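**Q** Let me give you the structure first, and then I'll get to my questions.
The values are calculated or read from the model by the stated rules, or taken from the named source; none is laboratory data. Being a predicted model, the structure only gives us computed values, none of them experimental. Backbone-built Cβ (ideal geometry, glycine too); neighbour counts: all protein chains shown.
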Amino acid sequence: MYDQSEVGERLRLSREEKKMTRDDFSEAVDLSVQFYSEVEKGKKGLSVESLYRICEIHDISADYILFGEKNRETRETPLEVKLHEAPSEYRIIAEKMAINFLDDMKKNVHRTV
């Protein structure tokens, strides 16, 4: 469930990790300091456009801001997460298999087009 106060808290933590003031952060995403302060306090919500700007400018995932999903903060796909968790010998084999698979798919797509 969407919780504005949790969203505000995650935004505050992200801003502080970047060692930015509210003034700096709000200016970078083109929001007034007063409005952004209310967002961090959970009293106001963000528009989709404002959320998008925050995510793009500060390299934060919307999944993390909205739902607190830390593993998506780095924008890793489920495959990337699995590869990072795998032992290095498995990762090397999986990467080679994926490259070969994608190369084969590319060849087959060009044949059918």
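**Q** Check the range 1-10 and report whether any residue there is over 19 Å from Tyr64 (Cβ atoms) and touching an Asp or Glu at 6+ places or on another chain (Cβ under 8 Å).
**A** No, that holds for no residue.
**Q** Quick check, is Glu40 surrounded by fewer than 17 Cβ atoms within 10 Å (Cβ to Cβ) and of a type in the set (Asp, Glu)?
**A** no
**Q** Taking the range 58-106 on its own, how many of its residues are of a type in the set (A, V, I, L, M) and either modelled with pLDDT under 80 or under 19 Å from the mean Cα position of the chain (by Cα) (or both)?
**A** 7
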